Every structure is written in C-alpha cells, then in structure tokens.
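Nothing in this text is a laboratory measurement; each read-out follows from the coordinates by a stated rule. Note that this is a predicted model, so its numbers are computed, not measured. Cβ sites come from the backbone with ideal geometry, for glycine too, and all protein chains shown count toward neighbours.
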Ligand code: HEM
C-alpha cells in the first residue's frame, strides 16, 4: 500500500491565542484545496468538462460547423452558446477548473518539495525496537565478526547496492544499520507534477505570444504572398502581439507535385516555393504534408491542394480582365466548385458609368479529369483532361452589400430575386484550356490555363520547444515515480553473548519495510539478508 | 492476402468464442480443485520465501472442469496465433503496418490485449478463471470491429505517411490494449470483493470461484501503471509532435484528441485514488473501469458519433 506521510504537524507554531476567524477560514480552505481528495474531484471535473467539446462543434476547430449548427438549431444554439458550448476550452468554467487544479497542484507540490529536500539530506531513521513487527523479518542468526565490524561490512554491502545507510552504536554494545533506497520515486513524482505546471504555462505563453493564419497560395508570380496581415485569408494573433510583430517573409508557389493511387487516393503532395526572408535573397524550398517549411518565426504546413483555372473575360466593349480563380475541391477526385465574378465588366468606356445590371459572373465545376459520360464529376484527381462546366449570369452580383458571401458560389438571394439572371442554357457550357465561349451580348470568356494551388497554414508558437522538453522530463519523472519503490531495511547486530560461538562473534537480526506497494520487495529482502547474514544455507530456522 | 486476412479474422473470432465456451464450462463444472488449491498456496506463500511445493504430488485426476479449462487456454493461444495472422496478412496485403484505419486499429489493439492476457495467464495460471471475461471482451470487440468498422485494404493517406505514425500509433495501440485487458481484473476485483462482503446477487455470484481479491487488485494496478506512461508518450507527446508536423498545431481539440485527454485524466485520477489512503480500493477500481469506458468511446464512439469533424480516423 502506498504510504503518504502526513505532513509534519506544525508543532513549533505558537499556540493559537486569538484565532482570527477569517484567517482560520482561509487556512482551512487552502488545506481543503490542496488535499489529494480535492485533486481527485478536480481531475474528474476536468474530464467531464472536456466532454461537451467533442459533442458540439468548436469555433477553434471549425467555424463553419458552428454556423451550420446555428442554422440547424436556431433556438438551442444561442442558449448553449451563452454557456460556452462552442468554445469549451476557452470558456470560463473550463478555465476555472484547471486553474483550481493547478493551484491545488502548487499548494500540494511546494510542501512536498520542501519535505523531499529535507528527506534527501536526512539520514535513514533508527531501527525500530521490535523488528519482528515489520512486514519482513529475519530472526537473529550468527556472524563471525565482532558487532562493529559486522555492522560496517553489512553497511558496505548495502551501499554497493545504492542504499543510503547509517551505522549507529547503541549504548549496550550493539550496533544498528539503517538503510533506505528509492528516493527517486518522490523526485520523479515531483518532477512530473512540476512538468505538468510547465506545460500549462507553456500553453498560456504560446496563446499570448503566438499567431496563426491560413492562406490559399496559387502558383505564379502574380499570386505571391507576403506576411502582412491583410494578405492572410484568415489570421489570429495572440493578445500580446500586433501586426508589426509578424516575421517578414514572402512566398511564391513555383511548383506543386502530387501523385495518386489508381483509385484516386492521394499518395504524396509536395509544394515548391520561392522564399524571401527579411528582404534577403530568394531561396527555393520544398515542403510536404508531414514535413513543414520551417522559417525563422513561422512554420508553414501544407494542408490541402486544388486547382485554380485562369479565366479572361472580354466584355462587349472589348475590355479584357483576367482572373485566377481558386476552386474548392468537393470530393476525392477533386471535382471542384468555384465562381468567377466580373463586377467591373461592361463599363461603358465613353461614359465610364458602371451599370449594376451589367455585371457578369460564371459559376460551375472544374474537373481535373473529365468523365467519359459527360457527367459533372471528375474521374481522377490529376490534371489528365481538365474541363470546366460553367453557367453564365448577368445582373447585379450583390457584391456591394457588404456581407461577405462565399467565394465559391454566386449570391443565391440575387438569383432568386431575379436581380441576377442566368444567360446561358440549361446545360452548362463545356470549356477546355484554350477554348473560349461567346455570350449573347458579344462578351467572350476564355479558359486560359489551369494552375495548381496549395492551402497552407502558417503558425508560430514560441513556447513549443520548451513544452516538448517539459513533457519529456515529465514523462521521465512519471516513469521513475511508477517504477521506483521506496523501502527501508534495518539490521541490528548484537554481541554473541554465549560461549558456543566463541569470543567476538555477533548475532544479526534484520527487518524490512516497503514504503510503497511493491511486489518484488520480498525477493529483494531475502537476497539482501542472505548475503548480509552469510547464513548457513541449510538452516531453515530464522524463516518466518 | 486481403481475403486471407478476412478469413483468419473469422477464425480468430471463432477460436476466442470456443475458448469462451470452454472457460464457461470450467466455470460451471469446476470445483475448486487444483487451480483453487494453487491459488490458496500462492496466497499463503506471498511475501515470505515460497515454501517448497509439498502438495504437487496430490494425484488428483483432472476433473471435467479442469479439462475444459485446459482446452480453453489452448484455444485461447490458438486464437492469439490466428489473431496475429489476421493482423500480419492484413499488413502484408496493404504493404504497411496494419494500423491505418479504425478496423485495423481495433484488430491491433485487441491483439495486444490478447497477448498481454496470455502472458499474464502463463505467469499466473491462477487467473484462468478470468478467461471467460477476457475472451468475452475479445469476441465482442472483434465482432464489433468486423460488423461496424470493416474497411477494405487500402493505402495510407499522405498525412498518415510519416515515421510519427509508427511511434504514435504503436504506443497508443500497445497502451490501449493493456488498458483494455486491465479492465478484466478490475471488474473481477469488484465482483470478488462484493462476493467476499457477502453479496450474493447476480454479478457477485460470479466471484465464487475467482481467485483472491487482493491479487486481482494488484494486477489491475500493475497493468494500468505500466500502460499509463506509454499512453502518455503515445497520445500526449508523440501525437502532438506528429500533429505539429502534419497539421501545423500540436493540439487542436479534435474529438479524438478530446477523448484521449479525457482517458488520460481519468487514468491519472485512478492512480491518484489508489495512492490516496482515504480512498477505498473499490472506488479507485471503479475509476479504472470508467477509464475503460472512455477508451471504448475513443475506439468506437468517436468514429461513429462524431463523423465529419475528423476524417482521418476512418481514412484508409
Ligand atoms: C494537474 C493534474 C494532476 C495530474 C494529471 C496528476 C497526475 C498524477 C499521476 C499520474 C500520479 C501517479 C504517479 C505515481 O503514482 O507515482 C500522481 C501522483 C501523485 N499526485 Fe498527482 N496529478 C495532478 C495533480 C495533483 C495534485 C493537485 C496533487 C496534490 C493534491 C497531487 C498529488 C499527488 C501525489 C501526492 C502523488 C503520489 C502518489 C503516490 O505516492 O504514488 N497531484 N499524480
């Protein structure tokens, strides 16, 4: 059984004269908070509190799922949102639990640290009077040397086995050897709990001083990205950071490699980029799914891929605009959805008047490999036979309203209300690279080429390495704590007082106390006493 | 190869099922014959140097129950071999470690559990009486894997193609296997303890022929204390390291991660409870069983209930 020693009672504290009730309450609460039972309850609460985060969609994981939840449960969602159900791990109640737990941890560990430091400097305690009361015991058996020599020899043997020992002379001519081992258990346990604390601090530090963002990076010089805040598709800075704290670098996707299995499963991805850091010279770097691009102050992970058709629209006045349009993959075969919007189309060059009813938009799917049956589903994710299926719309795209809509589809409200009208037939137009399509008003859309795109996530967490070191140390502490056992052994060496052993001999008795649950202690004790007593091997007496 | 694997799987379940029936037979017929006596002896001898075995010469013709028990152990070992074959052929068919999706993950985890169980059995034959429950859980888990989670052999998605895959998944599989099988002595301890306290209603009657409660409790602790650091490494160190390299964040509260965290906290609570003198051992053991429930939740529940939030768990 594990022995958890009571903390030494504060015997030297002055007798309480007038106990301040507030002080007494505080002290009692602190004692309660730092007890093992409280720690247990708080651990439980932590586990329970983590559950809702797997049931409800989390903003920190996937914002869109949260919006979907709001649409699906319009009544319930706002209520549970107020309870923090969509931000469980940032909610006040979750924080309250782990902060209490870690307060309890500090309150628990600090006194143990002090006690352990004392224990490390202390000597093994005196042997108990009645060794036969100990869980392990070997009754007196003879040894040829005199008591002090025997005691010293026994202690030497124990020291060789890494026991801490103390030899004491008793008044009556007898000697005792006290030995103790396994201090590393408590050392490891404290290390583990302190490491937990360091990891928590690391999480907090990383949250304050870290940042992350996402970006779709399309191949090509004109599509490069520099680490200024507006250039991210989405970015979150830690509360202690400002935009000027971001490291300065630029990226340009020069190449994207992907290979696929016959069944369309991706086999490997890799992106090649030109990187300039702090205005230095450009270098070419490649990174893949499990091997991020590590820059000074930012790690860049490749998290997705896709295609971006390049479309040129020449309006009825002959003014041409070119757009590189990222399409969103919707299935394994990379059937992708997207929309090309030309709000500045059909501006009369004579008047320079923009006519809201003359904007043009195209919506449809892109297939990297066209199906044989003409269906709008890709047959293979690689660019074997790229094709676009597009429908054309003219009217008011609704882009000026100020509500950011999807960048992968047209505004449904505008279409439903008739402000935006389909001007192509029921069947979408088929376009292959190089082909063009002339609309009813003489406008012309040309499918110029297809470029690759990479979805990248950019992140910096200044505490990451420290936390890794902390957790590895913590793991080592945990293993020590669970595998080392604290145990004590005592020997009492008495002068042999009768005649048959002759002069100078001694009689040795031993006892052992495992201080933690430890199955192997019996064998260890038997082996240690066997050598220490150098007993007659046939004699069975002395076994209890 | 893939078909072999599927057929071996069926045979594995059959072997465990047969072992279960034989264990049950021993349970039904078995008197506290040799096994019982051996148990008693081992307990008396615990702590003190073992006395020379004096009773070995009791001629005791093995009873019907005894035979059933021996056959059960043999079938159990056959089941383990078939189980190993299932996983190996699957790995060969896929040309990678058989840990790429939920089905393979469960096959591998239960393989570890089964191996640990057979290992425990060889070292402590006394525990044969737990065989009924050990084989029952193997049959249930494997059956569920085949029915609910079966996935045809396929290659890994690129995100899984990493050496962290080996570190993370192997350690998590091994520790989960040990945690899972650790629930058997935990449950039996509670039953036996209840029986010893005089409870005679249904589950407690099963405790009649079960070996000593203290030994079951210690075995429970040792299995959990061994699995816990391994799980800590696999789920809370190697997992985040891999996630950082692959997804760019070391921890993102994905449902899988949430439930790994919950399991870890619950098992930490178990170790705490066991180390706290004022908390009863039965209470601590209940916490270990709760940990088992959270592991099952991660093994099945998260993949089934929370689909869509994380695709990698069934990817493959
Ligand atoms: C942050 C949450 C905590 C976690 C995850 C945690 C985890 C653990 C684990 C896994 C062990 C087992 C190691 C062993 O048995 O040697 C342990 C032991 C221990 N913990 Fe914690 N702990 C936490 C908080 C606390 C707190 C708040 C206290 C103080 C009230 C505490 C006091 C102890 C003690 C005294 C032991 C040693 C038990 C023994 O002698 O075996 N822990 N802890």
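Some points to look at:
- Other protein chain Cβ atoms within 10 Å, averaged over every residue that makes up A:45-57: 5
- For peptides B:110-119, A:49-58, A:105-114, sequence by mean Cβ density within 10 Å, most packed first: B:110-119, A:49-58, A:105-114
- Label-to-label distance, residue A:160 versus residue B:92, with points set 7 angstrom from Cα along the beta-carbon direction: 5.2 nm.
- Rg/Rg_globular for chain A, with Rg_globular taken as 2.2 N^0.38 Å and Rg from C-alpha atoms: 1.59
- P(r) weight above 21 Å for region B:98-176, C-alpha pairs, percent: 38
- For region A:250-368, the C-alpha radius of gyration sits at 1.43 times the compact-globule guess of 2.2 N^0.38 Å, with N the residue count.
- Virtual paramagnetic centre 7 Å along Cα→Cβ of residue B:77, amide N under 17 Å, in region B:3-17: B:15-16
- If you plug the beta carbon distance of residue A:24 and residue A:118 into 1/(1 + (r/R0)^6) with R0 = 30 Å, you get a FRET efficiency near 0.65.
- For region B:62-135, the direction-averaged projected area of the alpha-carbon convex hull comes to 5.2 nm².
- Taken over region A:331-489, the ratio of Cα radius of gyration to 2.2 N^0.38 Å equals 1.79.
- Between residue A:48 and residue A:353, the FRET efficiency from the beta-carbon distance, with R0 = 56 Å, is close to 0.30.
- Dimensions in Å of region B:156-316 - Rg and Dmax from alpha carbons: 17.9, 57
- Rounded, prolate or oblate (a/c below 1.5 giving rounded, otherwise prolate when a/b exceeds b/c) for region A:211-460 by Cα gyration tensor: oblate
- Base-10 log of normalised Debye intensity for region A:21-119 (one unit scatterer per alpha-carbon) at q = 0.17, 0.23, 0.25 Å⁻¹: -0.81, -1.11, -1.21
- Region A:137-187-region A:93-134 distance, computed between alpha-carbon centres (Å): 26
- Using the Cβ-Cβ distance between residue A:382 and residue B:10 with R0 set to 45 Å, the FRET efficiency works out to roughly 0.75.
- Taking 0.36 nm per residue of sequence separation and removing the Cα-Cα distance, the residue A:331/residue A:282 pair yields an extension gain of 14.1 nm.
- Per-residue mean of foreign Cβ neighbours for B:19-28 is 0 (Cβ atoms of other chains, 10 Å radius).
- From the C-alpha gyration tensor of region A:427-485, square roots of 5λ in Å: 64, 13, 9
- Calculated [θ] (222 nm, deg cm²/dmol) that DSSP helices of n ≥ 4 give over chain A, each run adding -39,500 (n - 2.57): -9500 deg cm²/dmol
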